[in-house]
Amino acid sequence: MLFLWGEKSREPILALDAARTVVFASRTAREQCGLHTGMTLEEQWWTSLEKDWSIEEQSLEDAAGTRLYLLRTRTAPLPARTEPHVFPAIATNSPLYRKQLQTARIAAASLSHTLLLGETGCGKEVLAKAIHDSSPRKDGPFIAVNIASLPKDLLASELFGYADGAFTGAKKGGQIGKFEAANHGTLFLDEIGEMTLEHQVLLLRVLEEKKVTRLGSHTEKELDVRIIAATNRLLEEDVRNGLFRADLFYRLNVLPIRIPPLRERKEDIAALAKEFLGQLHEQYKGGPNALCETALLALHQHSWPGNIRELRNVMERAFLHAFSEARISVQHLPPEWAWTTSTEQAPQADDPSPLLRTLEKQTILQAIQDAPSMSAAAKKLGIARSTLYRKMGELGIGQLSDSRA
């Protein structure tokens with residue numbers, strides 16, 4: 001009955017278990033609120049919705065630990081919040097990330113150095129560029145330098161430049177460095193934790209004096225550069241272990257921003273996947289432009305050690321495998337994810353968790369309710385009809401008695 005009610009209701013309906021995992025999201029909840037089965041919400045998940053929706057908890061009998069919520073459109077706006085919910089340059093559905101973006105908004109309006117913290121592939125350069133583009137320096141240059149990608153003996157000349165004849169092989173007339181190139185703009189120093197102590201001393205001097213001297217020259221040049229640094233290391237531990245200078249750390253750590261890994265902001269997976277899919281569709285002038293329900297559920301279940309970069313890679317791979325089809329199905333994803341299409345019984349140790357089986361069952365039930373026939377339900381799920389019947393047997397879903405079977 002819940003599925004029938006949810007698909008017919010014009011108002012979003014949401015069911016959460018005791019761990020705040022979405023066990024049911026009606027069609028309106030999926031389309032208008034970006035909520036999908038399998039998502040685990042933050043502790044105060046409602047804060048991002050209550051601007052537009054009045055959230056009412058409904059009684060749900062015989063469902064221990066499960067809570068049912070009905071979202072009704074607000075007829076009057078909420079009073080203005082004291083905490084600004086704004087950094088338009090970055091779109092996110094994650095309350096955790098939105099909280100960090102409040103600091104990004106402050107950083108964009110300030111002259112202070114900013115330190116971005118986060119795992120590889122979580123979007124540090126994207127956020128750095130967004131801060132620059134939202135700042136008074138937006139008309140100035142944005143120069144990005146990956147410290148780890150530069151040989152240590154060339155790093156100083158790349159950052160500070162060099163004069164004519166500074167060393168063997170030096171370019172005639174010399175060369176400006178990244179600091180000078182970023183004058184009146186922003187210099188993004190990625191992987192700052194990989195910088196040697198020797199180079200850290202040189203960087204600290206430039207930051208303190210706001211002047212740069214090219215290698216082989218004695219002429220100081222005034223600088224007006226804002227620094228955004230980034231790292232996937234724990235710099236405070238590196239400071240304690242003598243690997244990173246404390247004075248440089250405090251210079252850079254004026255406005256720290258921690259970017260949550262994708263596994264902590266699964267609210268963004270669907271939107272990011274669809275954004276990447278749209279970009280690929282535009283780039284190739286064709287190919288699939290949608291994901292089936294099981295493919296989206298599989299994306300939500302993955303732990304994403306490579307974060308957004310990995311998601312982009314997975315979507316491109318799936319897009320190319322499904323190029324002649326209208327939608328990406330679970331079989332187009334990496335084979336180790338395809339628990340919904342496995343044709344052999346996995347060993348007991350590899351059986352899906354109870355929660356995963358519950359989500360799979362609910363996804364199948366929802367597809368059956370949506371579709372006019374079992375063939376259409378199988379197509380919506382991206383699996384063969386025979387696989388659907390087998391899965392129904394495994395999950396204890398009884399055969400339908402109506403003509404749709």
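The values are calculated or read from the model by the stated rules, or taken from the named source; none is laboratory data. Everything numeric here is computed off the predicted structure, so don't read it as measured data. Neighbour counts are summed over all protein chains in view; Cβ atoms, including those assigned to glycine, are modelled from backbone coordinates with ideal geometry.
Take K211 and tell me if it is within 25 Å of K129 (Cα to Cα), surrounded by fewer than 16 Cβ atoms within 10 Å (Cβ to Cβ), touching a residue at least 12 places away in the same chain (Cβ under 8 Å) and not acidic (D, E). For K211, the condition - within 25 Å of K129 (Cα to Cα), surrounded by fewer than 16 Cβ atoms within 10 Å (Cβ to Cβ), touching a residue at least 12 places away in the same chain (Cβ under 8 Å) and not acidic (D, E) - is met. Does the range 116-129 contain any residue that is in contact with a Phe, Trp or Tyr (Cβ under 6 Å, 6 or more places away or on another chain), farther than 15 Å from L187 by Cβ and either surrounded by fewer than 19 Cβ atoms within 10 Å (Cβ to Cβ) or not polar (S, T, N, Q) (or both)? The answer is no; no qualifying residue exists. Of the residues making up the range 352-382, those that are modelled with pLDDT of 80 or more and in a loop (DSSP other than H, G, I, E, B) are A371, P372, S373. Applying the condition of being within 26 Å of K138 (Cα to Cα) and of a type in the set (V, I, T) to the range 219-239 and asking which residue is surrounded by the fewest Cβ atoms within 10 Å (Cβ to Cβ) yields I227. So for the range 148-157 (the condition being crowded, with 19+ Cβ neighbours inside 10 Å, closer than 29 Å to S217 by Cβ and among the acidic types (D, E)), does at least one residue qualify? The answer is no; no qualifying residue exists. It is to be established whether one or more residues within the range 184-192 are surrounded by fewer than 17 Cβ atoms within 10 Å (Cβ to Cβ) and small (G, A, S). No, the range 184-192 contains no residue that is surrounded by fewer than 17 Cβ atoms within 10 Å (Cβ to Cβ) and small (G, A, S). Here the range 337-351 is the region considered, the condition is being assigned to a helix (DSSP H, G or I) and of a type outside the set (F, W, Y), and the residue that is modelled with the highest pLDDT is D350. Condition check for E275 on (1) among the acidic types (D, E); (2) under 14 Å from the mean Cα position of the chain (by Cα); (3) assigned by TED's automatic domain parsing to the domain that holds H132: one failure, at (3). All of A18, A29 fail the test of being at pLDDT below 80 and either part of a loop (DSSP other than H, G, I, E, B) or not assigned by TED's automatic domain parsing to the domain that holds Y69 (or both), apart from A18. Taking the condition crowded, with 19+ Cβ neighbours inside 10 Å and over 34 Å from the mean Cα position of the chain (by Cα), does R205 pass? In short, no. Checked against the criterion of being farther than 25 Å from D139 by Cα and not assigned by TED's automatic domain parsing to the domain that holds D133, the candidates G193, G216, G242, G286 yield just one match: G286.
Would you confirm, using the coordinates I've provided, whether L96 is at pLDDT 90 or above and at negative phi?
Details: at pLDDT 90 or above: yes; at negative phi: yes.
When the stated conditions are applied, L96 passes them.
Name the single residue, out of those in the range 292-336 being of a type in the set (S, T, Y) and modelled with pLDDT of 85 or more, that is farthest from E267 (Cα to Cα). Steps first, please.
Restricting attention to the range 292-336, the residues satisfying the condition of being of a type in the set (S, T, Y) are 294, 303, 324, 329.
Going one step further and asking which of them are modelled with pLDDT of 85 or more, we end up with 303, 324, 329.
Working: S303: 13, S324: 29, S329: 20 Å.
Here the residue is S324.
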